[in-house]
1. Quick one: residue B:433 ticks every box in (1) surrounded by 21 or more Cβ atoms within 10 Å (Cβ to Cβ); (2) assigned to a loop (DSSP other than H, G, I, E, B) bar one, so which box is it?
2. Out of all the residues in region B:336-351, is one or more open to solvent by 20 Å² or more (accessible area, probe 1.4 Å), among the aromatic types (Phe, Trp, Tyr) and touching a helix residue (DSSP H, G or I) at 6+ places or on another chain (Cβ under 8 Å)?
3. Sort out which residues of region B:411-430 are among the hydrophobic types (A, V, I, L, M, F, W, C) and open to solvent by less than 40 Å² (accessible area, probe 1.4 Å), and write them in order of number.
4. Would you mention how many residues in region A:99-109 are touching a residue at least 40 places away in the same chain (Cβ under 8 Å) and either farther than 18 Å from residue B:93 by Cα or open to solvent by 50 Å² or more (accessible area, probe 1.4 Å) (or both)?
5. Residue A:161 is checked against (1) part of a helix (DSSP H, G or I); (2) without any contact (Cβ under 8 Å) to a residue 60 or more places away in the chain; (3) more than 27 Å from residue A:378 (Cα to Cα); (4) within 14 Å of another protein chain (Cβ to nearest Cβ) and fails just one. What number does that condition carry?
6. Only residues in region B:429-440 that are over 16 Å from residue B:393 (Cα atoms) count as the first member; pair them with residues that are hydroxyl-bearing (Ser, Thr, Tyr) and modelled with pLDDT of 85 or more, Cβ under 7 angstrom, at least 6 apart or cross-chain, and list the lot.
7. Limited to region A:171-186, what total is found for residues that are in a helix (DSSP H, G or I), in contact (Cβ under 8 Å) with a residue 12 or more places away in the chain and away from every other protein chain (no Cβ under 14 Å)?
8. Restricting to region A:376-410, name every residue that is closer than 27 Å to residue A:303 by Cβ, assigned to a loop (DSSP other than H, G, I, E, B) and either open to solvent by less than 10 Å² (accessible area, probe 1.4 Å) or at pLDDT 90 or above (or both).
Number of protein chains: 2
Amino acid sequence: MTDFVRRVLRPETPDFPVRSLLDVDFYKFTMGQFLHKYYPNVDVTFAVILRSKSIPLMDVINQEEMIAAFNHLLGLSFTRTDLSYLRGMNLQEANMFSEDYLKSLAEFRLPQWHLDARGEYTVTFSGKAPLVSHWETLALSAITELYFRSLMREMTPTQLLVLYTRATDKLYRKFEQLKRHPGIKIIDFGTRRRHSFLWQQKVVEMAKEILGPNQFLGTSNTYMAFHHDLEPKGTNAHELPMVATAIADTPDEKRAAQYMVLEQWQLMYGQNLRICLPDTYGSTQFLEGAPDFVTDWKGFRQDSGDPYQKCREIIDWWKFKGADAKKKLLIPSDGLDVPLITGLHESFSSETNLSFGMGTLLTNDFIDCFPNLDDVVPKFGLSWRELFRAFSVVCKVVEVNGRPAVKLSDNIEKATGPADEVLKYKQIFGNKGLGSQEVLV
Amino acid sequence: MTDFVRRVLRPETPDFPVRSLLDVDFYKFTMGQFLHKYYPNVDVTFAVILRSKSIPLMDVINQEEMIAAFNHLLGLSFTRTDLSYLRGMNLQEANMFSEDYLKSLAEFRLPQWHLDARGEYTVTFSGKAPLVSHWETLALSAITELYFRSLMREMTPTQLLVLYTRATDKLYRKFEQLKRHPGIKIIDFGTRRRHSFLWQQKVVEMAKEILGPNQFLGTSNTYMAFHHDLEPKGTNAHELPMVATAIADTPDEKRAAQYMVLEQWQLMYGQNLRICLPDTYGSTQFLEGAPDFVTDWKGFRQDSGDPYQKCREIIDWWKFKGADAKKKLLIPSDGLDVPLITGLHESFSSETNLSFGMGTLLTNDFIDCFPNLDDVVPKFGLSWRELFRAFSVVCKVVEVNGRPAVKLSDNIEKATGPADEVLKYKQIFGNKGLGSQEVLV
């Protein structure tokens with residue numbers, strides 16, 4: 001009977017790359033509540049920024065498909081079940097989300113999106129900070145999947161079969177290698193640049209099966225955590241100090257803003273969520289100027305710069321401050337693959353606790369999986385090798401209450417903001433400890 | 001690639017009739033918390049009781065399939081997401097379930113089941129009350145679906161097509177009729193005797209679409225509420241007074257027990273969950289003896305006896321007690337179909353608020369939908385008409401701490417318990433207002 005009905009209806013339900021507002025990184029909620037409380041009326045613009053300039057992102061993506069995918073997101077709201085799930089979340093203890101915040105989610109709609117007219121960015125999103133913020137991982141997941149979908153339409157069924165066969169094998173080998181070091185613990189941080197929704201699901205399933213709960217601690221993706229019985233992971237990101245710093249007027253206030261958001265954060269959340277991200281304006285200056293309370297935080301996330309050097313710096317800082325590094329947590333999360341993870345594990349696991357946030361190279365490592373690598377794809381004039389690699393695309397706050405927002409990071413290649421503003425911020429925060437490394441993913 | 005893997009694995013994932021511990025009536029949780037707090041160490045036996053003696057239930061059901069289905073349930077536990085959902089439930093306000101109770105659910109496993117050796121019942125379940133209680137709707141849903149599955153294996157594809165076509169049309173007509181009375185509000189109470197899991201899903205989807213939120217208030221099934229963005233409905237059932245009364249020693253204590261559980265209940269839950277089920281030992285004696293606090297309860301559920309007479313009795317009692325019946329809620333729930341619902345609505349909607357709990361005749365009305373009704377099914381020696389109707393099967397507490405448990409109800413045909421005990425209870429509670437009606441579903 002269903003068959004008759006299906007013949008009349010569309011042959012397939014439209015297959016949008018993102019179909020639920022839960023399909024975001026969990027920190028969008030922890031930060032969402034923070035923004036809802038402390039910065040409810042701040043106007044922000046977020047922008048999709050393509051760091052890998054060689055990738056013809058918008059030429060490959062089917063624009064109609066992107067419009068449909070983004071407009072579909074505009075129509076989504078949180079279901080009763082989504083809200084019950086979030087209300088019942090108890091990572092630290094029950095009631096981590098207030099009724100006031102949950103009420104705002106019950107009425108939540110994504111603000112409008114805009115194709116970037118100036119061509120500087122790909123897409124922009126403007127509105128109140130607590131709403132716009134959600135676009136970050138939603139837009140990135142959608143854009144990345146639509147890029148690969150377009151590419152894959154140029155392939156034959158045999159090529160697709162080989163591609164997925166090899167990618168599966170490659171993924172499995174990563175887990176095999178990690179399993180040889182039972183002390184290594186990883187978290188899936190790969191939502192934003194995943195190959196596809198379905199592929200991330202497969203990655204999460206395999207990680208859960210092969211690594212088990214002692215080595216696979218969870219996923220940053222709320223939807224995946226919900227559906228695969230995992231703990232959603234994540235705390236906060238650069239956008240918080242970027243917003244606070246942009247609002248601050250004087251250089252002194254700007255330097256203080258990176259610590260003020262941490263004070264506000266610890267008022268809102270308990271110990272489990274006190275993970276500090278020090279590199280927004282360079283982690284060396286951050287650590288040098290950090291107030292004593294930061295020493296009490298549970299740990300740090302290391303997201304840019306040379307990871308060996310930066311992990312060393314954080315551990316030494318703990319020791320210098322008289323904190324017991326063995327009781328702390330360090331979460332490297334910058335473009336990690338298995339060799340780097342095992343290297344960092346061997347170097348630092350005797351000194352502190354480590355969890356590794358694996359992102360793009362967990363959920364989108366199809367490098368060299370395509371069968372005829374040097375062939376040029378006629379439609380796009382580039383080889384498969386050039387087209388079919390994970391690439392770096394981010395979605396960052398670029399404007400706050402009409403002022404430009406800036407991020408420096410420990411790797412100046414990851415800086416965002418207009419050149420003159422980046423220069424101004426460098427004068428305010430100093431250059432100490434900033435380096436330059438190629439950004440692959 | 002999946003195809004190769006699928007060829008090696010079993011061709012189909014085993015299709016158990018119940019696959020989640022959330023796939024129960026929501027009152028199993030509200031009562032579960034109650035039993036966990038007030039009766040944690042009471043030993044009970046629940047038994048499946050077939051009221052429709054003409055149905056060859058255990059001859060039709062494939063016994064291996066039943067064993068597999070029940071053993072599958074033994075292996076289930078609540079997922080992290082299930083627990084977050086329950087923790088986040090806020091029917092009255094947040095935190096309706098205590099952390100202590102949720103912790104017990106995190107460790108919850110169903111106690112063992114037994115094929116009834118004595119042959120008096122179908123299946124029995126023994127253990128601590130808060131655990132055994134969950135078997136009620138799980139066992140009934142499984143048994144009912146397995147019965148119909150076995151029957152349907154005797155049908156041709158054409159017969160199945162006609163069957164489902166007619167049942168769909170029949171269901172749709174019910175909704176059409178209800179829609180003509182926009183004041184009528186229904187709730188799905190049909191989990192326990194549903195045709196199948198998939199059919200209940202279809203019923204819930206259709207009710208949501210056709211009736212909309214003003215006429216379809218929700219479902220008693222927690223899983224369906226979770227997956228279809230509905231409010232889970234339900235409060236408490238006969239098992240609570242049955243347990244308390246069995247434990248009570250003297251006739252006076254037994255008569256008091258039916259009110260004591262209500263006092264305990266209102267300590268635990270707020271106004272929204274104060275719905276009283278008065279008929280366990282006859283609603284006439286219940287109302288006559290009820291303490292004043294019962295007048296403050298939000299409403300009554302009417303589950304046995306002549307519904308017109310019993311609804312009248314409850315409304316008159318409110319008036320007699322000086323309560324404003326127009327602010328109260330009456331929930332008839334005994335074998336309701338559309339004509340009875342519209343009749344009760346016309347009779348009482350000017351005097352009080354009504355919601356109708358539709359059960360078996362919502363989720364399992366295939367009566368007269370089979371194409372060749374008088375044909376005899378060779379395997380079972382009965383006609384399709386006789387075999388393919390909803391039938392009455394219940395799962396009731398029959399023993400409490402070694403003592404028999406008894407229910408009288410307003411319809412003596414629905415009484416459960418050994419004959420001599422039923423007689424004893426009749427002497428204690430009296431015969432007033434008890435009648436006799438045929439029990440169809």
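1. The number of the failed condition is (1).
2. Taking every residue of region B:336-351 in turn, none turns out to be open to solvent by 20 Å² or more (accessible area, probe 1.4 Å), among the aromatic types (Phe, Trp, Tyr) and touching a helix residue (DSSP H, G or I) at 6+ places or on another chain (Cβ under 8 Å).
3. As a first pass, look at region B:411-430 and keep what is among the hydrophobic types (A, V, I, L, M, F, W, C): B:412, B:415, B:419, B:422-423, B:428-429.
Within region B:411-430, B:415, B:422, B:428, B:429 meet the criteria.
4. 2
5. (3)
6. Hits for this filter: B:429/B:281; B:432/B:284; B:433/B:283; B:433/B:284.
7. Going residue by residue through region A:171-186, those that are in a helix (DSSP H, G or I) are A:171-179.
When the remaining residues are screened for being in contact (Cβ under 8 Å) with a residue 12 or more places away in the chain, the result is A:171-172, A:174-179.
Those left that are additionally away from every other protein chain (no Cβ under 14 Å): A:174-179.
Counting residues in region A:171-186 that are in a helix (DSSP H, G or I), in contact (Cβ under 8 Å) with a residue 12 or more places away in the chain and away from every other protein chain (no Cβ under 14 Å) gives 6.
8. Matches in region A:376-410: A:388, A:390, A:391, A:392, A:401, A:405, A:406, A:408, A:409, A:410.
The values are calculated or read from the model by the stated rules, or taken from the named source; none is laboratory data. Keep in mind the model is a prediction, meaning the values are calculated, not measured. Here Cβ is always computed from backbone atoms with ideal geometry, including for glycine, and neighbour counts include all displayed protein chains. We work out accessible area using only protein heavy atoms, side chains counted, and drop any ligands, DNA or RNA first. Shrake-Rupley method; radii C 1.70, N 1.55, O 1.52, S 1.80 Å.
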